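Written below as structure tokens is the structure these notes are about.
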Amino acid sequence: MTFQRLHLLCLLLLLWTPGCGDSPESPPESDGLETVEVPEQPDARVDPSQDPVERRAEAPEMAGVLPSDFPPELPVPSGSSLVDHDPGVVVFMVPEGPGTVRGRYRSRLESAGWASIGGGSWHRDGVAVDLSFSSRGPGTRIEARYGTE
């Protein structure tokens, strides 16, 4: 027999042998366990899109607690943190440069009815405040000294 015929004969035998043996339709051996139908679970039809969703309040305008003598009509710098205070003085830190912070805070003071009297000093309704802005790393330090006129 030539090599090609032998190769063909082996190939035919290999294709024929997997067809021999147990038929796939024969039932599996029983392991003694009984099949039990399970009813649908109570939460099977729950729609999670109908669940209540937490709604967070707006982020606070400032981190920290203002002292009791702080003038309520004086706007707090947006995005600031209160880092220090003494009677009549508060110090805020804002994570932006002095030029940006100074312009934005000036606009807030004007829209809240404060009038500039020059040199970083402002007044409104008998309350005066002196503001100083200085660069601190990537942010700005705002010192506000306040009191009555």
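Since every read-out is calculated from the coordinates, none of them should be taken as a lab result. Keep in mind the model is a prediction, meaning the values are calculated, not measured. With ideal geometry, Cβ positions are generated from the backbone for all residues, glycine too; neighbour counts draw on all protein chains shown.
Quick check: from the Cα gyration tensor, does the stretch 75-147 come out rounded (a/c under 1.5), prolate or oblate?
oblate
Under a 5 Å amide H to amide H cut-off, with H placed in plane at 1.01 Å, what residues pair with Glu96 once short-range neighbours are removed?
Amide H neighbours of Glu96, under 5 Å, 5+ apart: Thr140.
Highest mean first, how do 109-122, 127-140, 41-54 rank when packing is the count of other Cβ atoms within 10 Å averaged over residues?
127-140, 109-122, 41-54
Scan around Ala63 for amide H atoms under 5 Å from its own, H built in the peptide plane at 1.01 Å from N, and keep only partners 5 or more places away or cross-chain.
Placed amide hydrogens put Ser80, Ser81, Leu82 under 5 Å from Ala63.
Explain nothing, just compute: Karplus ³J(HN,Hα) = 6.51 cos²θ - 1.76 cosθ + 1.60, θ = phi - 60°, for every residue of the stretch 133-149 in order, whole Hz, x for Gly and Pro.
10, 9, 6, 9, x, x, x, 10, 9, 10, 10, 10, 9, 10, x, 7, 6
Compute the FRET efficiency between Ser116 and Ser78 as 1/(1 + (r/R0)^6), taking r as their Cβ-Cβ distance and R0 = 30 Å, and round to the nearest 0.05.
Efficiency, rounded to the nearest 0.05: 0.95.
Which ³J(HN,Hα) values in Hz, rounded to whole numbers, follow from the phi angles of the stretch 78-89 under the Karplus curve 6.51 cos²θ - 1.76 cosθ + 1.60, where θ = phi - 60° and Gly and Pro get x?
My calculation for the stretch 78-89 gives 4, x, 8, 10, 7, 10, 6, 7, 9, x, x, 9 Hz in order.
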